[in-house]
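Colleague: Sharing a structure with you now.
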Amino acid sequence: MITLKDVTKHYNDFTLSLSMDIKEGAISAFVGTNGAGKTTTFKAILDLIKIDSGSIKIFDKDHDKLDRSDKEKIGVVLADATFSKELKINDVIIILETMYHDFDGTFFRQKASDLNLPLDKKLKEFSTGMLVRFKVLCAISHHPKLLLLDEPTAGLDVLARTEILDLLRDHMLKYPDATIIISSHIASDLEAIADDIYLIDDGNIVLHEDLDKVIDDYAIIKVDEDGYRDIDKTYILKIFKDNGVYHLLTDQRNFYIENYPDVVIEKGDIDKLLTMYAKGE
Amino acid sequence: MKGLFIKDILTLKTNTIYLISMLVLAVLLSIESSMIFTYFFVGLLGSSFATSSFSYDQSERCLMYLLCLPTNRRQYVKEKYLFIITVTIGFMATILLISSLIQNTMIDINELYLLLAIVMMIMIYIAFVIPIKIAFPPEKAIIVHLTITAIMTIPLIASNGLYADLSQADAIKAIVDPMGLICISISAFICLFVSYLISAKIMANKNL
């Protein structure tokens, strides 16, 4: 569905350099710290920035050669961009009806009502949560085959995030073949919906793994100086020392549980992975 | 392109108070000032009003989002030219109609020549302004835009005084003849075409 091959984009103090292959029907989470390159990757995929080298293909076409019908199959949420905030939802409905053949006005109005989004209020009067709900609604109301969601839950409280995730879950149930790429800082949001994760750090993909495998097989082992010296490091991926305690990331949790029953071994999750890849060596 | 056009109309519609103020000012001018000055001024007002759509697109990173919709950079540029030209001509035609109704006069062939010549000059102005609006961020674009407007307005203000002593018919004759109109029309079309190519090129390479 989306293939990025040896893509590079240079800035003064940052270089994006990555390859990815996202299959049709996958729900892929894009995880990384601030400034890791998540938004830059989204922008590159969407041809909002010009890449310096490499290639990006969407629907087997070069990403900068998508025609109108291809773009009608894509829904996008950008963290900090939407329609002019001088417009009202009623205005946006008219625009989207003109732009998308498959725009579902009935669904849009119904969901807007369910989500307490007023149709005749300017977007600038919306709260952060309302604006995000509106953006997600715009992205899914033409029933896209590909959803690109950059930080759709950023800045929201738990309830608002749940509403957004419910909206996405409904979409996934209705269109199981849809491909979704979602980035977020909030690991629990991604764990609730993603099939696999791409961990990005300093412009590079440092890990691509099925989420089930992350949860089942990854672990953080905590040992002191002696424990660190004695432990088998064959399956240790990252090491991070904090206050005299070694944190060791492994993708072979069972091996260490069986061979080191007295050692503290914590189950892996996205947050721990992120910390280990960001701080570990 | 149709969706973008509708988006621009709906966005400008939100600025109705400004639009009405400009229309009232322009109608008053059309009664009090020379025809040349009025048409020029109205054309500049109309095009400035239309080009303000760039500011809406560039605030809150709207442009970035718009380019994720079923359109592309070239379509965006085309739409801007079409929208700005349409709004400017529509604005000028509205003022002409209102002032004709107020003064109970009909436009004659010489005035029509003059009006067409001024429309073409405004098109040349638009041809300069659009690439600037696309190339520069809003705060820089407004400085360059105002500079160009000032350069065009100084001779316009001078002409208002210059032709004040002449009769209207003489003033028109002094400025426009059919050959002059053809020349200025060709110049306007060439300027718009070159301007479009430049804008499309800038837009194609723009990082958002």
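Colleague: With a bin width of 10 angstrom, please list the P(r) values of chain A as percents of all Cα-Cα pairs, from the 0 bin to the one holding the largest distance.
Modeller: Whole-percent P(r) values from 0 Å outward: 6, 26, 30, 22, 10, 4, 1.
Colleague: Shape verdict for segment A:195-268, please, from the Cα gyration tensor: rounded (a/c under 1.5), prolate (a/b greater than b/c) or oblate.
Modeller: In terms of gyration-tensor shape, oblate.
Colleague: Please report the antiparallel percentage of the DSSP beta bridges confined to the protein assembly as shown, to the nearest 5.
Modeller: Percent antiparallel among DSSP bridges in the protein assembly as shown is about 70.
Colleague: Okay, moving on. Rounded to the nearest whole Å², what accessible area per residue is found for the protein assembly as shown with the 1.4 Å probe?
Modeller: Working: 22290 Å² over 489 residues.
Roughly 46 Å² per residue, with all protein chains present.
Colleague: Please state the shape class of segment A:131-249: rounded when a/c is under 1.5, otherwise prolate if a/b exceeds b/c and oblate if not, all from the C-alpha gyration tensor.
Modeller: prolate
Colleague: Which FRET efficiency, nearest 0.05, do A:ASP177 and B:VAL194 yield, Cβ-Cβ r, R0 45 Å?
Modeller: My answer for the efficiency is 0.45.
Colleague: Another one. Work out the mean other chain Cβ neighbour count within 10 Å for the residues of B:53-64 and drop it here as an integer.
Modeller: On the way: counts 1, 0, 1, 5, 2, 1, 3, 9, 6, 7, 2, 9.
That works out to 4 on average.
Colleague: Let me ask something additional. Return the distance in nm (one decimal) between the two label points of a simple spin-label model at A:GLU258 and A:LYS50, each offset 7 Å from Cα along Cα→Cβ.
Modeller: 5.6 nm
Colleague: Rounded to a whole number, what % of the accessible area of the protein assembly as shown do carbon and sulfur atoms account for, probe 1.4 Å?
Modeller: Whole-percent figure for carbon plus sulfur exposure: 58.
Colleague: Right, here's the next one. Roughly what % of Cα-Cα distances in the protein assembly as shown sit above 34 Å, to the whole percent?
Modeller: Values: 58301 of 119316 pairs.
It works out to 49 percent of all Cα pairs.
Colleague: Among the listed pairs A:LYS5/A:LYS38; A:LYS135/A:LYS213; A:LYS222/A:LYS279; A:LYS9/A:LYS57; A:LYS111/A:LYS145, which have their C-alpha atoms separated by more than 27 angstrom in this model? It would help to have the intermediate numbers written out before the result.
Modeller: Values: A:LYS5/A:LYS38 16 Å; A:LYS135/A:LYS213 32 Å; A:LYS222/A:LYS279 15 Å; A:LYS9/A:LYS57 16 Å; A:LYS111/A:LYS145 19 Å.
Where the Cα-Cα span goes over 27 Å, the pairs concerned are A:LYS135/A:LYS213.
Colleague: Ok, one more. What average number of partner chain Cβ atoms lie no more than 10 Å from the Cβ of the residues making up A:88-101?
Modeller: Shielding by partners across A:88-101 averages 4.
Colleague: ³J(HN,Hα) across segment A:72-82 via Karplus (A = 6.51, B = -1.76, C = 1.60, θ = phi - 60°), whole Hz, x for Gly/Pro?
Modeller: 5, 8, 10, x, 10, 10, 9, 4, 10, 9, 7
Colleague: Further question: Where in segment A:19-56 are there trypsin sites (Lys or Arg not before Pro) that are in a DSSP coil and have at most 15 other Cβ atoms within 10 angstrom of their Cβ?
Modeller: A:LYS23, A:LYS50
Colleague: Cα convex hull of segment B:2-205: mean projected area in nm², to one decimal?
Modeller: So the Cα hull casts an average projection of 11.5 nm².
Colleague: Once amide H atoms are placed 1.01 Å from N in the peptide plane, what residues at a sequence separation of 5 or more from A:ASP195, or on another chain, have their amide H within under 5 Å of its amide H?
Modeller: A:ILE27, A:SER28, A:ALA29
Colleague: Which one, B:ILE36, B:ILE190, B:ILE122, has the greatest fluctuation when you compute a Gaussian network model over chain B with C-alpha springs under 10 angstrom?
Modeller: Of B:ILE36, B:ILE190, B:ILE122, the most mobile in the Gaussian network model is B:ILE190.
Colleague: Is segment B:49-88 best put as rounded, prolate or oblate by its Cα gyration tensor, with a ≥ b ≥ c the root eigenvalues, rounded for a/c under 1.5, and otherwise prolate when a/b is larger than b/c, oblate when not?
Modeller: Details: a/c = 3.33, a/b = 1.30, b/c = 2.57.
Taking the square roots of the gyration eigenvalues as a ≥ b ≥ c, segment B:49-88 is oblate.
Colleague: Over the whole of A:42-53, what's the average partner chain Cβ count within 10 Å per residue? Rounded to a whole number, please.
Modeller: Shielding by partners across A:42-53 averages 3.
Colleague: Of all beta bridges DSSP finds with both residues in chain A, what is the antiparallel percent, to the nearest 5?
Modeller: On the way: 37 of 54 bridges.
For chain A, the DSSP antiparallel bridge percentage is about 70.
The values are calculated or read from the model by the stated rules, or taken from the named source; none is laboratory data. Remember, predicted model here, so these are calculated numbers, not experimental data. Cβ atoms come from the backbone with ideal geometry, glycine included; neighbour counts cover every protein chain shown. What goes into the accessible areas is simple: the full protein's heavy atoms, side chains included, and nothing from ligands, DNA or RNA. Shrake-Rupley method; radii C 1.70, N 1.55, O 1.52, S 1.80 Å.
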